[in-house]
Each structure stands twice: as C-alpha cells, then as structure tokens.
Amino acid sequence: MKILLMGNPNVGKSVLFSRLTGINVVASNYPGTTVTFRKGTLKFGSLSAQIIDVPGAYTLDPTNKAEEIAVEMVKEGDVVINVIDATHLERNLRLTLELLEQEIPMVVALNLWDEAKHKGVTIDVEKLEELLGVPVVPTVAVTGEGIKELVLRIPESRSQLYQGTEDERWSEIGNIVRQVQTLTHRHHTLRERIEDAAILPSTGIPVAIIAALVAFGAVIGIGMGLRQFILLPFFETLIFPPIRDAVTAVVPEGFIREILIGHFGVLIDGIGWPLALVLPYLLAFYLVLAILEDTGYLPRLACMLDTLFHKSGVHGGAVIPFLLGFGCTIGGILSTRMLETRRERIIVVALMCLAIPCAAQTGAIIALLAEKSIAALAFVYLIAFLFIFIVGMALNRMLPGTTPSFLMEIPPYRIPNATSVAKKVWMHLKSYLLDAVPLIIFGVFIAAMLYESGALYHIGLFLRPIVVDLLGLPAEASVSLILGIVRRELAVTALLGLDLTLVQLIVGAIVALFYIPCAAVLPVLMKEFGVRYAVVIAMATIVIAFIMGGMLNVAFTLFL
C-alpha cells in the first residue's frame, strides 16, 4: 500500500512523516525531474505501508514544479493522508476538496490541534467528518498526540466525490467553516509577542543578528568540544597507535608503508580528517540547522532578509536554498526549484557555487582557523558574505527580468521535538559518512601518492607562480588545488598538515572557499542549467579564488 502525505507547506507534514516512519528514510528525485520527496515504511500491527512525503502544495492546479509533481503522485497513491493546519482551516480546505475530486481514499489529519486551542479556534471534528465524508483525526505531530488513532483509522479511509467550479468550491469551503469552526477572543500570549518581534524590522533585525551569532557560536563551541575532548583523544589514543603498530609490524619500510601511515597516510589522515576534524563541526551545524527549522524561525528570517535579498535580484524565500547550500551544494541547487523564475535560480546557484561553503567545508575551515583565531574565522566569512551581496547586486543589474513578490506562510513557534531533530541530523550524517568520507579517503590516497612519488614536487614547480608567488603559500599547498576538485573540503583539509602562518591560513581558507565546486556538483549544474552555465561557473570560481587570495596576500604583505 502506498500512503501519500499531502498538504500545504508548513502544516507539520514532515514532523508527521517522521512520526509515522522509522529512521530508515530514503530521499529520492521524482522520475525525470530533480524535485525531491521522501519515503519510508509504516508498520503497525497487521498494517504495512510505504509512506510518501509529497512536496507541499496549495492546489492541484499547479503553479510551480513541486505542485506539478504532487498532481502526478496523486495518481500513484492508494490512500491520501491530507494534513490540515487546524489554525488555518479555510485556506487548507481548498486542497482537501480538490483531493476529494480525485476520488482517492482519504483520511484527514487535523494537525496543530494544540495551536488551534491556544489561538481560540474550536473545531467540531465530528461535524467536519460528516461534511467531508472522510475520517478526520485531530493530531499534534510534535508530541505524537492523535498519531495512533490516525493510523488505526487508515483502514477506514474512503473517497467522497465532490465536484464544482472554483467559485462553488470556495462557497462550499465557507459553508463548512461556518458550521464547524468557532472563534473565541483571547489576548496575545508571550510566545505570540515573541513571534511578532521576530517579524517587525525594529526588533526582528537585532533578533536575526543575535540568532546568527548564537548559531555560529554553537557550531564552533559544540564542534570544538567534540573534537578536542572526545574525537581527537579517541583516535589519537585508541585508534591510531594500534594502526601504526600493525602496519609497522606487517609492512616493510618503504613506499607502501608511507602511503598507509606516513605524510598524508591513508590510514591516519584518511580517517582522522573526515571523522575527527570535520565530523564534529558537521554534526554541530546540522544540529543547529534542525533546531532552527523545527522552531519555525527560518520563515521569519526569510521575511527579515527579503528587502536585502531583493537588491541581489531574489526574494527572501531564497534563504532556504542558501541554508541548504550550507549543508550540501547539490541539495541547495535542487531546492532552487521552489523559486518562481529561472533568473532567480541562476542568481542563487551562482552565488551558492561561488561563495557558500558546504557543511563539510565549513567544518574544515573552522578546524583550520578556529583554534588559531576566531577573528580570522569571522573575517573569512565576512569576506564571503560581502562578496555574495556585491556579486548578487551585479548579477541583478546584468540579467534581464524582475524579482517576483515574496509570499510565504509563517508558522507559529514550536518547541523542537528531540526525536525529529535527531532523525534529521542522522540522515545528513549518514549521507556524509556514506557519500563523502570514501571520497575524502580517496583524495588523501591521491595526495599520498603524489607526495611519496615526488610528483607533488613537480606539480608545485608548475603551480609555483600561482601558489607561491601570487598566494604566498608553500609549494606543498598545491595539492589542495588538485584535491579540491574531488571534494570542496579537501581543498581545506590538505592545508591542515602544513605549518602555515595565520596570514597563510586566511589566504588558504579564502582560496578554498571560492574554489571550484566539487566534481559531483558539475553534472547537476549541467542537467539543471546546461553545459555552458556549468563551465562558466567552474571557470569563474577558479579565477575569483586566485584573484581574492592574491589580493589578500598583497594587502597583508603591504599593511602587516
């Protein structure tokens, strides 16, 4: 059985999905597109079903690619769980009536039931069920309230044909709301006042700054604590010594031993870089991002940034792809499907590829700089954000077209659910461990081969005009330019084993930050925007990385 979770954006659908499924969730692209959906398995008693989290949609008359896919997926489902926001019943019922027109068995999850009570909204559930002709179950996905009853009533799902024009549909919605909903006057709670404060410019801007500083500090603090007090001691005392002893006892001194445990040793740096240096910051980043997402703050941040983003040719909704780009560039690129115009997508993806580090690269940059100088780390990211703003304004002037208006649903603040947060963090970390870590180990192996064979010396001579003369880095740093093509964080981690000054660390971090996206990104760019766009982005990142690094090197040389 295929059960489709369908509803408007921001109705708690993803939280309900996490409640219904286990931790083994698969993210997939809909065939022939890059629109992503998730699927998992529900097992309860004799019931076994595949749960599919359909992209959020306001209507089955598609206005964007995600809604087009939602329409296609309706044809593939056996049952629909229509998730409704109980605090906005009238707006949500439009999709409900459209689903009834599809004659597919359905159950309604009247979610955010607790929020409705807090806002003075009372809904007669029995009457609503009678009028819709399908089971209706009040739920609170974040706490699990009503989830068991929802699952128990899935076998009762039924179709109830409704047909009507658009005007008749809205008339019917008004009639239903009048019969089932009662509004009670109430005063704003403290939480609602805090919600308002996050939107108003006079208070929202300071809140956004504080939130950014707290999030940044949490990533550094948690990551550094995990690295220094748990992971590094663990690997350096329990893992690396037995590896060195075993290799020394079995492998004779020479080329192979050096490849395994020497400079750029595959069994030492290949394990230590991704697991002891990058992983702790990656875990901290995804933890903070999941908490921000589940609290409902990100849509408010999007509203606050809308005016600023318009200067770069995009609206505030682009903050979501940007934040996903901080997690993974590929995920960020694919998420731009939510933007209305190709012009916006081109701008956002260009800025993402040019100056937004993925989570793994962020972890590597923090590992490279945080222990030496927090000010240097802040300087690197300040340069990146200024660059994004300036280049965004330039692209806005260069590309024809206008920026569309910004419309986004603002959900209420919620207390994050620990289980939901943990699942999100684990899904991201599992992807990193399975997809990125093997490539990092392979990259370290290439570095070891180049170093031990002497090829790195000749590459260093060839790249000397750029690496040494322009950037002021040692010749060995040329390996970072080679490995950075495989994975973005390798352009940074290759610098960890070098004895660099603070100025060289900053220059190296800046070059790595602006350097070419990893190899996996280029095919996605080609598929989404064409070969020409991908080539332009790749060449632009290389040129800009060398220009920015060279300018900083000259500036530091002259003024320090």
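The values are calculated or read from the model by the stated rules, or taken from the named source; none is laboratory data. Quick caveat, the model's predicted, so the values are computed rather than measured. With ideal geometry, Cβ positions are generated from the backbone for all residues, glycine too; neighbour counts draw on all protein chains shown.
Only one of these is within 29 Å of the chain's Cα centre (by Cα), more than 22 Å from residue 177 (Cα to Cα) and assigned to a helix (DSSP H, G or I): 70, 49. Name it.
On the way: 49 fails: assigned to a helix (DSSP H, G or I).
Among 70, 49, only 70 is within 29 Å of the chain's Cα centre (by Cα), more than 22 Å from residue 177 (Cα to Cα) and assigned to a helix (DSSP H, G or I).
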**Request:** Identify the single condition in (1) crowded, with 17+ Cβ neighbours inside 10 Å; (2) over 30 Å from residue 440 (Cα atoms) that residue 261 does not satisfy, given that it satisfies every other one.
**Result:** (2)
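Could you list, in sequence order, all residues of the stretch 501-518 that are crowded, with 19+ Cβ neighbours inside 10 Å and not in a helix (DSSP H, G or I)?
The first filter runs over the stretch 501-518 and keeps only residues crowded, with 19+ Cβ neighbours inside 10 Å, leaving 504-518.
The answer is 515, 516, 517, 518.
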**Message:** With the requirement that a residue be in contact (Cβ under 8 Å) with a residue 40 or more places away in the chain, in a helix (DSSP H, G or I) and closer than 26 Å to residue 360 by Cα, what does the stretch 453-478 give you?
**Reply:** 466
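For the structure I just gave you, tell me whether residue 541 is modelled with pLDDT of 85 or more, on the phi < 0 side of the Ramachandran plot and not basic (Lys, Arg).
Numbers: modelled with pLDDT of 85 or more: yes; on the phi < 0 side of the Ramachandran plot: yes; not basic (Lys, Arg): yes.
It is true that residue 541 is modelled with pLDDT of 85 or more, on the phi < 0 side of the Ramachandran plot and not basic (Lys, Arg).
Can you name every residue in the stretch 113-132 that is assigned to a helix (DSSP H, G or I) and over 18 Å from residue 147 (Cβ atoms)?
So the first thing to find is which residues in the stretch 113-132 are assigned to a helix (DSSP H, G or I), and the list is 113-118, 125-132.
Once the filter is applied, which keeps residues that are assigned to a helix (DSSP H, G or I) and over 18 Å from residue 147 (Cβ atoms), the stretch 113-132 yields 118, 126, 127, 128, 130, 131, 132.
Of all residues in the stretch 264-307, count the ones that are among the acidic types (Asp, Glu) and within 25 Å of residue 389 (Cα to Cα).
Here is the first cut: in the stretch 264-307, the residues among the acidic types (Asp, Glu) are 269, 293-294, 306.
From the residues that got through so far, the ones that are within 25 Å of residue 389 (Cα to Cα) too are 293, 306.
Of the residues in the stretch 264-307, 2 are among the acidic types (Asp, Glu) and within 25 Å of residue 389 (Cα to Cα).
For the stretch 119-130, check the following and say yes or no: at least one residue is in the same structural domain as residue 80 (by TED's automatic domain parsing) and farther than 19 Å from residue 178 by Cα.
Within the stretch 119-130, the subset in the same structural domain as residue 80 (by TED's automatic domain parsing) is 119-130.
With farther than 19 Å from residue 178 by Cα added as a condition, the list becomes none.
No, every residue in the stretch 119-130 fails to be in the same structural domain as residue 80 (by TED's automatic domain parsing) and farther than 19 Å from residue 178 by Cα.
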**Prompt:** Pick from the stretch 308-331 the residues that are farther than 24 Å from residue 515 by Cα and more than 14 Å from the chain's Cα centre (by Cα): which of them is surrounded by the most Cβ atoms within 10 Å (Cβ to Cβ)?
**Reply:** 315
**Complete:** Checked against (1) closer than 30 Å to residue 503 by Cα; (2) modelled with pLDDT of 80 or more; (3) of a type in the set (A, V, I, L, M), residue 421 satisfies every condition except (1)
**Request:** Name every residue in the stretch 308-335 that is assigned to a loop (DSSP other than H, G, I, E, B) and either farther than 29 Å from residue 364 by Cβ or not hydroxyl-bearing (Ser, Thr, Tyr) (or both), in order of residue number.
**Result:** 311, 313, 314, 315, 328
**Item:** Conditions (1) more than 16 Å from residue 273 (Cβ to Cβ); (2) out of contact with any helix residue (DSSP H, G or I) (no Cβ under 6 Å at 6 or more places or on another chain): number failed by residue 336
**Value:** (2)
**Selection count, the stretch 153-191, where residues are free of Cβ contacts under 8 Å to residues at least 12 places away in the same chain and within 37 Å of the chain's Cα centre (by Cα)** = 4
**Asked** Of the residues 93, 110, which single one is buried (at least 19 other Cβ atoms within 10 Å of the Cβ), aliphatic (A, V, I, L, M) and part of a helix (DSSP H, G or I)?
**Response** 93
**Request:** Would you check if residue 305 is under 23 Å from the mean Cα position of the chain (by Cα) and part of a helix (DSSP H, G or I)?
**Result:** yes
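Return the only residue of 123, 81 being under 17 Å from residue 8 (Cα atoms), among the hydrophobic types (A, V, I, L, M, F, W, C) and at pLDDT 90 or above. Before you say what the answer is, go through the steps one by one.
Working: 123 fails: under 17 Å from residue 8 (Cα atoms).
None of the other options fit; the residue is 81.
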**Asked** Considering only residues of the stretch 394-418 that are modelled with pLDDT of 80 or more and touching a Gly at 6+ places or on another chain (Cβ under 8 Å), which is nearest to residue 493 (Cα to Cα)?
**Response** 395
**Request:** Evaluate the following for residue 541: is it in a helix (DSSP H, G or I), under 24 Å from residue 386 (Cβ atoms) and under 27 Å from the mean Cα position of the chain (by Cα)?
**Result:** yes
